[in-house]
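Visitor: There's a structure below that I have some questions on.
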Amino acid sequence: MGTSWRIVLGALSGVVAAVIWAVSLAIYQPYMQPEGFWTDPATGDQYPEIGSNNTYWPRDIRQLAILLAFVGVVLICRANVRGIPAAAVGTAAWIGVDLVLDRFDVSGGTTAVQLVIGGVAGFAVIAVAARFVSTGEPGSGFTGHLLATVAAVCAATTVLITTPWEEPVTNAEQVQVENALSLLKVGLVLMFAAVALALLPLGRVLWMAPFVALAALAAWPATATYGLLGMLGLLFLPAGAATAVAAARGVSPLRLLGVLVACAVALIPGYVLLYILGSTIGGAMTSVADNPPINSADTDLSLSFAALMLGLLFAAISHLLTRPAVEAAAPVAVAQPE
């Protein structure tokens with residue numbers, strides 16, 4: 001298969017990631033970060049302002065953007081196994097730079113432009129290095145499946161990012177932030193979906209459509225309701241996205257249904273574990289960035305970490321459940337851009 005459009009898409013994902021990262025860091029992180037003090041009406045004592053659930057949504061947007069750049073590099077490297085370590089090292093360095101810049105409280109439109117330029121340049125260096133070390137080695141179907149699943153689950157997780165304000169939001173400034181967040185989310189979701197599709201064989205796109213539709217349908221209860229319906233939405237939003245990727249591997253609808261159910265069932269204990277680990281990591285990142293802590297009654301959950309871990313888990317489950325069919329039809333499942 002030709003590679004030129006995949007290289008262009010991979011490069012575009014890096015540019016989009018740099019823009020979203022820079023805007024979230026320099027514009028919306030300073031706006032959301034608590035500052036000043038509040039006074040206890042009973043005692044008159046003053047305490048530093050602290051955060052609440054979803055206060056640090058710009059961090060999740062930034063880090064999901066960095067993950068978008070990561071899968072974009074893998075796409076440029078033709079889903080090559082040797083390209084992943086180089087891309088991973090660059091991604092880890094970018095996240096480190098992100099937290100350091102957050103600690104220094106960078107802000108402002110001019111700074112955002114400078115960060116875009118720096119982000120694009122950094123992405124280019126990572127992509128060139130990864131492409132260089134992967135030269136001469138063909139792409140891997142497993143690598144394509146793995147990273148496509150991660151991208152699809154990241155797209156699903158992006159939908160769940162919200163601001164800390166109670167609905168309906170009426171404050172004019174907050175409405176503008178809500179609109180900006182929606183735009184950032186749309187950009188990430190579309191790019192994650194495009195990269196996931198580009199990492200897969202394109203001959204079974206129609207088989208993927210029902211599961212994409214299921215994930216899209218589950219997004220509404222996952223974000224707008226509670227109770228049983230909301231829980232089902234939280235289960236089938238990422239599970240549907242992961243099964244859509246598995247549908248490209250040439251297996252029967254019945255086996256795809258098994259992948260969907262297995263992923264949904266794995267999420268039940270998975271959510272508990274990721275909640276604990278994600279909150280610990282989120283709190284650690286808040287501390288490294290020297291941001292005000294989150295209220296002890298709330299949580300400092302890192303959705304970007306949860307998305308990455310869920311993507312890897314679902315990739316393992318779906319690959320295991322579809323592997324025999326893939327081995328029987330290996331020529332169909334070559335996820336190589338070349």
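Visitor: Within the range 289-299, is even one residue assigned to a helix (DSSP H, G or I), in contact with a helix residue (DSSP H, G or I) (Cβ under 6 Å, 6 or more places away or on another chain) and either without any contact (Cβ under 8 Å) to a residue 60 or more places away in the chain or not acidic (Asp, Glu) (or both)? Reasoning before the result, please.
Guide: Step one: list which residues in the range 289-299 are assigned to a helix (DSSP H, G or I), which gives none.
Within the range 289-299 (the criterion being assigned to a helix (DSSP H, G or I), in contact with a helix residue (DSSP H, G or I) (Cβ under 6 Å, 6 or more places away or on another chain) and either without any contact (Cβ under 8 Å) to a residue 60 or more places away in the chain or not acidic (Asp, Glu) (or both)), the answer is no, since none of the residues qualifies.
Visitor: May I pose another question? Inspect all residues belonging to the range 31-49 and state whether any of them is farther than 18 Å from residue 288 by Cα, surrounded by fewer than 22 Cβ atoms within 10 Å (Cβ to Cβ) and touching a helix residue (DSSP H, G or I) at 6+ places or on another chain (Cβ under 9 Å).
Guide: yes
Visitor: Please verify whether the range 167-186 includes one or more residues that are at pLDDT 95 or above and of a type in the set (Lys, Arg).
Guide: yes
Visitor: Hey, can you tell me all the residues within the range 239-275 that are at pLDDT 95 or above and of a type in the set (Val, Ile, Thr)?
Guide: Residues satisfying the conditions are 243, 245, 259, 261, 265.
Visitor: Can I ask one more? Looking at (1) of a type in the set (D, E, K, R); (2) open to solvent by 10 Å² or more (accessible area, probe 1.4 Å); (3) modelled with pLDDT under 95, which is the one condition that is false for residue 6?
Guide: (2)
Visitor: Quick check: is even one residue across the range 149-165 within 23 Å of the chain's Cα centre (by Cα), over 26 Å from residue 20 (Cβ atoms) and surrounded by 18 or more Cβ atoms within 10 Å (Cβ to Cβ)?
Guide: We begin by selecting, within the range 149-165, every residue within 23 Å of the chain's Cα centre (by Cα); these are 149-165.
The next check asks that each one be over 26 Å from residue 20 (Cβ atoms); those that pass are none.
Within the range 149-165 (the criterion being within 23 Å of the chain's Cα centre (by Cα), over 26 Å from residue 20 (Cβ atoms) and surrounded by 18 or more Cβ atoms within 10 Å (Cβ to Cβ)), the answer is no, since none of the residues qualifies.
Visitor: Among what's in the range 241-263 and is over 15 Å from residue 203 (Cβ atoms) and among the β-branched types (Val, Ile, Thr), pick the residue that is most open to solvent (accessible area, probe 1.4 Å). Explain how you work it out, then say what you get.
Guide: Within the range 241-263, the first condition is being over 15 Å from residue 203 (Cβ atoms), and the residues that meet it are 241-243, 252-263.
Still in the list and also among the β-branched types (Val, Ile, Thr): 243, 259, 261.
On the way: 243: 0, 259: 0, 261: 74 Å².
Filtering first and then ranking leaves 261.
Visitor: Continuing with this model, one more query. Mind checking which residues of the range 166-222 are outside any helix (DSSP H, G or I) and closer than 28 Å to residue 69 by Cβ?
Guide: Across the range 166-222, the qualifying residues are 199, 200, 201.
Visitor: Just to check your reading of the model, which residue among 106, 97, 16, 81 is outside any helix (DSSP H, G or I), modelled with pLDDT of 95 or more and either more than 16 Å from the chain's Cα centre (by Cα) or more than 21 Å from residue 165 (Cα to Cα) (or both)?
Guide: One residue alone meets the criteria, 106.
Visitor: Looking only at residues that are of a type in the set (Ser, Thr, Tyr) and out of contact with any strand residue (DSSP E or B) (no Cβ under 8 Å at 6 or more places or on another chain) in the range 282-304, which one is farthest from residue 51 (Cα to Cα)?
Guide: Of all residues in the range 282-304, those of a type in the set (Ser, Thr, Tyr) come to 286-287, 296, 299, 302, 304.
Filter once more, keeping what is out of contact with any strand residue (DSSP E or B) (no Cβ under 8 Å at 6 or more places or on another chain): 287, 296, 299, 302, 304.
Working: 287: 13, 296: 9, 299: 9, 302: 14, 304: 18 Å.
Among residues in the range 282-304 that are of a type in the set (Ser, Thr, Tyr) and out of contact with any strand residue (DSSP E or B) (no Cβ under 8 Å at 6 or more places or on another chain), the one farthest from residue 51 (Cα to Cα) is 304.
Visitor: Go through the range 115-150 and report how many residues are assigned to a loop (DSSP other than H, G, I, E, B) and either among the aliphatic types (A, V, I, L, M) or closer than 14 Å to residue 75 by Cβ (or both). I'd like the intermediate steps shown before the answer.
Guide: Let us first name the residues in the range 115-150 that are assigned to a loop (DSSP other than H, G, I, E, B), namely 134-140.
If we keep only those that are either among the aliphatic types (A, V, I, L, M) or closer than 14 Å to residue 75 by Cβ (or both) too, we end up with 134, 139-140.
Total meeting the criteria: 3.
Visitor: A follow-up question, please. Within the range 31-41, is even one residue modelled with pLDDT of 90 or more and part of a helix (DSSP H, G or I)?
Guide: In the first step, residues of the range 31-41 are kept if they are modelled with pLDDT of 90 or more; the result is 31-34.
If we keep only those that are part of a helix (DSSP H, G or I) as well, we get 31-32.
Taking every residue of the range 31-41 in turn, at least one turns out to be modelled with pLDDT of 90 or more and part of a helix (DSSP H, G or I).
Visitor: Taking the conditions exactly as written (under 24 Å from residue 254 (Cβ atoms), more than 19 Å from the chain's Cα centre (by Cα) and loosely packed, with under 12 Cβ neighbours inside 10 Å), does residue 203 satisfy them or not?
Guide: So residue 203 fits the description; yes.
Visitor: Scan the range 279-302 and tell me whether some residue there is under 20 Å from residue 240 (Cα atoms) and either exposed (fewer than 13 other Cβ atoms within 10 Å of the Cβ) or at pLDDT 95 or above (or both).
Guide: Of all residues in the range 279-302, those under 20 Å from residue 240 (Cα atoms) come to none.
Looking for residues that are under 20 Å from residue 240 (Cα atoms) and either exposed (fewer than 13 other Cβ atoms within 10 Å of the Cβ) or at pLDDT 95 or above (or both), one finds none in the range 279-302, hence no.
The values are calculated or read from the model by the stated rules, or taken from the named source; none is laboratory data. Everything quoted here is computed from the prediction, not taken from an experiment. We place every Cβ from the backbone using ideal geometry, glycine too, and count neighbours over all the protein chains shown. Surface accessibility is based on the protein's heavy atoms, side chains included, excluding ligands, DNA and RNA. Shrake-Rupley method; radii C 1.70, N 1.55, O 1.52, S 1.80 Å.
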